[in-house]
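Take a look at the structure set out below.
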Amino acid sequence: MASLPLDRRRFLRQAAAGVGALSAGLALASDDRQDSTGPDKTKSTPQPAPEENIVRKDYKGPNVIMIRFGGGVRRLETITSPEKTYCPFVYHDLYKKRGTLLGNIEIEAKQGIDTSHGQGTLYLLTGQYRHYEDITHKPFADRFEAADPTIFEYFRKTYNIPEHQALIINGEDRINEEFYTFSNHHLFGVRYRSTVLSLYRFKTYLLREELKDTKLPEKEHLAKQQKLQEMETKDYRVQDRSVTSPELDRFWEQWKEYYGKTGLVNPRGDRVLTALALRALRELRPRLIMINYQDPDYVHWGNPYFYTRAISIIDDGIREIYSAVQADEEYRDNTVFLVVPDCGRDNNRCMAVPFQHHFNSKSAHQIFAVAAGPGIAHSPLVVDKMRQQISVAATVGRIMKFDTRHVEAGPLEEMLA
């Protein structure tokens, strides 16, 4: 694969250690550095609960596209005013022309609640604030597991929805976020998991296809087999290893036919998430999808342009996805867009590297939510009532009519018509 920008967590590790210069790395090398042994093997691996005697009905409600405006963004550059926004489509079209903006969403400021990407994503998925600790006990590893059901588990337990129609689209340098597909909750879990689309998953597909070649030299076959096993077993909780399906294999085969397998042709960064989402809408027809944009986090390098440009790239991606939905008869007038950040960012201009989010500052807790689509109120005025980020999970449940009984906060009623 082609060279990628430096992994953000590696940057933070080196910065914490006082290393001045950082060297570029490859995505595959980054994959190799991920811990493949999992947590303490003395811990019991969660097993799927026995199948309950539940007849799941077909889903006939609206689709939901939840967009994690990720990598941490401040209100100042997004929704504070028309003059300051770097996301004009979200501000002027999705909000002002079609939907509602809740401009006073917050991440609760209490002990143990972190304003970072993995945690914020899990708050959105589960509707619960929890203190998450890396299960491998390694600094900056950020390997978290949810104890509470995710919206995908609620959805698939309620409705007869195949895995490939409940999707998380993930970035290429946050491998730990590949494993937020299901919780450890005894009534939910792996049976009702979501499916991830990412370049990481594409690499596993390529390895499986290469291993089908009977002419592959034995040494090369063993090396590829070992690599595939390491990648597929990173999520040690999945016992059945059903990480693929005919639908997914067709999806990746068509991706390979179009972009090849070198990584030199397909889009990179957050643009690849948009490309994956557009293809998924055409080929997999998802009903619930979460797109985990992330590139604003490159502001950790210290250049504000990395941050503002990344916001604009996400905005353009949302515009493309919205246009594709409007051009599709089955999705048009039947799809809700819900945009919400994973966390905010500091506004302390005196910091050597601005726009941080790790120090529990007030603006790092301050985010927003924009929604548009069927069942969403259209109010060109900002709703200023303070609400919590974890209310997003219950809001998705209300829109799609599934019970989110384990969430900590109710839905964002102001958004609902």
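Tell me which lysines have Cα within less than 20 Å of K60's Cα, excluding those fewer than 8 residues away on the same chain?
K157, K401
Cα-Cα over 20 Å: which of K203/K227; K84/K385; K224/K256?
Pairs exceeding the cut-off: K84/K385.
Going by a ≥ b ≥ c, the root eigenvalues of the Cα gyration tensor, does region 51-128 fall in the rounded group (a/c under 1.5), the prolate group (a/b larger than b/c) or the oblate group?
Because a/c hits 1.5 or more and a/b fails to exceed b/c, region 51-128 counts as oblate.
Evaluate the charge dipole of region 265-383 about its Cα centre and quote only its size in Debye, nearest 20, assuming +1 on the Cβ of each Lys and Arg and -1 on the Cβ of each Asp and Glu.
Value, rounded to 20: 220 debye.
Could you order peptides 205-213, 157-165 by the average number of other Cβ atoms within 10 Å of their residues, highest first?
Working: 205-213: 14.7, 157-165: 17.8.
Per-residue mean Cβ counts within 10 Å order the peptides as 157-165, 205-213.
Is there a quick way to get the dipole size of region 151-203? I mean about its Cα centre, with the Cβ of Lys and Arg at +1 and of Asp and Glu at -1; what is the value in debye to the nearest 20? Please report the intermediate quantities before stating the final value.
Numbers: 7 positive and 6 negative charges, 44 e Å.
Result for region 151-203 is approximately 220 debye, rounded to the nearest 20.
Is region 90-196 best put as rounded, prolate or oblate by its Cα gyration tensor, with a ≥ b ≥ c the root eigenvalues, rounded for a/c under 1.5, and otherwise prolate when a/b is larger than b/c, oblate when not?
Values: a/c = 1.67, a/b = 1.13, b/c = 1.48.
The shape class here is oblate.
Ignoring ligands, DNA and RNA, what percent of the 1.4 Å accessible area of region 123-270 is carbon and sulfur?
The computed percentage sits at 51.
Can you tell me the accessible area per residue over region 245-289, all protein chains present, probe 1.4 angstrom, in square angstrom?
It amounts to 44 Å² per residue over region 245-289.
Would you please state which residues of region 196-213 a label at E257 would reach in this model, taking the label point 7 Å out along Cα→Cβ and a backbone N cut-off of under 17 Å?
In region 196-213, the label zone of E257 (backbone N under 17 Å from the point 7 Å along Cα→Cβ) covers 206, 209.
For V382 and E329, FRET efficiency with R0 = 35 Å and r from the beta-carbon atoms, rounded to 0.05?
So the FRET efficiency works out to roughly 0.60.
Please report how far the C-alpha centroid of region 122-151 lies from that of region 265-344, rounded to the nearest whole angstrom.
First find each Cα centre; the distance between them is then 23 Å.
The values are calculated or read from the model by the stated rules, or taken from the named source; none is laboratory data. Treat the numbers as computed from the prediction; the structure is a model and nothing was measured. Here Cβ is always computed from backbone atoms with ideal geometry, including for glycine, and neighbour counts include all displayed protein chains. Just the protein is used for accessible areas: all its heavy atoms, side chains included, with ligands, DNA and RNA removed. Shrake-Rupley method; radii C 1.70, N 1.55, O 1.52, S 1.80 Å.
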